[in-house]
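First comes the structure, then the notes that go with it.
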Amino acid sequence: MPDGQPVRLHCFAHAGAGVSCFHGWPGDLGRAVEPVPHMLPGRESRRREPRVVRRAALLAEVTDTFTRAPSGPYVLYGHSLGALVAYTITRALHEAGLPGPALLAVGACPPPDAPSPLSDAHDASEERLLRLLGEIGALPEGAAPGGLWHRAVLPVLRDDLALADDLRAAAREPAAAGPLPVPLLIVAGGDDPVARPAVMEGWRRWSTGAAAVRTVPGDHFFVRGRELPRLLGHACRAVARAAPARPTAPARP
């Protein structure tokens with residue numbers, strides 16, 4: 001890889017979120033790693049744009065970034081819903097015969113063939129959905145019906161869960177190009193009630209590449225802690241070390 005060029009770490013957040021969960025990452029990722037958070041439409045600075053709830057719309061939104069010839073190896077990390085987004089992009093590139101990430105990292109998300117109570121509840125009653133969100137610590141304290149959180153965040157969250165449900169269903173369809181050959185880094189939160197470490201092990205079945213499972217401290221939102229970016233920083237530097245060296249230009253006579 002070119003001297004001095006950082007490994008790009010493309011990041012996708014959990015349902016209902018923008019990119020603020022990645023703002024503190026640069027210091028913990030360490031040297032030679034550049035985080036590239038991806039903001040999906042319908043939130044934060046893109047809140048006026050229509051949200052995507054289907055696989056085709058998602059790929060139309062994000063794949064241009066990855067179909068252009070990359071200048072070096074890159075890594076994808078997705079957290080919860082973001083894990084399904086990262087997997088979907090990687091599979092789409094594989095099916096198109098295009099180069100994919102040097103490493104696919106997924107966290108806090110049951111694999112597509114495992115039960116997923118949250119995405120299954122995307123069309124549930126508000127009472128049931130709020131109860132599930134409370135059980136995983138995703139319901140802000142004092143969030144009152146009709147308040148700002150219910151008006152601004154809950155609709156985004158529900159649409160994101162619908163997107164997750166569609167991505168999971170599409171992932172279970174047979175892949176014409178065969179299984180992914182991409183190395184996997186599978187990250188679980190030690191206290192995550194949504195995707196426990198034993199459940200996360202199931203991601204091994206979704207690629208023929210080498211797979212490593214790591215457990216970090218925290219609940220479903222361990223993306224906000226420091227251990228995850230430190231782990232990903234180490235993984236990105238391993239990717240850089242494994243990348244082919246740039247050919248040396250011949251000396252002029």
Carbon and sulfur %, accessible surface of the stretch 1-64 computed with the full protein complex present, 1.4 Å: 48
Other-chain or far-sequence residues with amide H under 5 Å of Ala15's (modelled H): Leu81, Gly82
Tilt relative to the chain, helix 126-135 - C-alpha long axis, 0 to 90 degrees, to 10: 60
Simple Cβ-charge dipole of the stretch 1-63, Lys/Arg +1 and Asp/Glu -1, about Cα centre, in debye nearest 20: 400
Charge-dipole axis of the chain as Lys and Arg at +1 and Asp and Glu at -1 on Cβ define it, positive-most pick from Ser20, His220, Gly189: Ser20
Rel. contact order, % - alpha carbon contacts under 8 angstrom, at least six apart, the stretch 14-70: 22
Centre separation in Å (Cα based) which lies between the stretch 60-102 and the stretch 172-186: 12
Cleavage-rule hits (trypsin sites (Lys or Arg not before Pro)) in the stretch 17-108: DSSP loop, at most 15 neighbouring Cβ within 10 angstrom: Arg31, Arg47, Arg48, Arg54, Arg68
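Determine the dipole magnitude for the chain: charges of +1 sit on the beta-carbon of Lys and Arg, -1 on that of Asp and Glu, nothing else is charged, the reference point is the Cα centre, and the result goes in debye to the nearest 20.
860
Return the carbon/sulfur percentage of the accessible area of the stretch 126-236, one whole number, probe 1.4 Å, all protein chains in place. Write down the numbers at each step before the final one.
Numbers: 2880 of 5450 Å².
On the stretch 126-236, the fraction of accessible area on carbon and sulfur atoms equals 53 percent.
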Summed residue charge, Cβ within 14 Å of Glu44's Cβ, Lys/Arg positive, Asp/Glu negative: +3
Per residue, in Å², the accessible surface of the stretch 1-94 once ligands and nucleic acids are set aside, probe 1.4 Å: 42
Computed [θ] at 222 nm, helices only, for the chain once each DSSP H run of length n ≥ 4 contributes -39500 (n - 2.57): -10000 deg cm²/dmol
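The values are calculated or read from the model by the stated rules, or taken from the named source; none is laboratory data. Since the model is a prediction, treat every value here as computed from it, not as a measurement. Backbone-built Cβ (ideal geometry, glycine too); neighbour counts: all protein chains shown. For the accessible areas, the whole protein counts, side chains as well, though only heavy atoms, and no ligand, DNA or RNA atoms are used. Shrake-Rupley method; radii C 1.70, N 1.55, O 1.52, S 1.80 Å.
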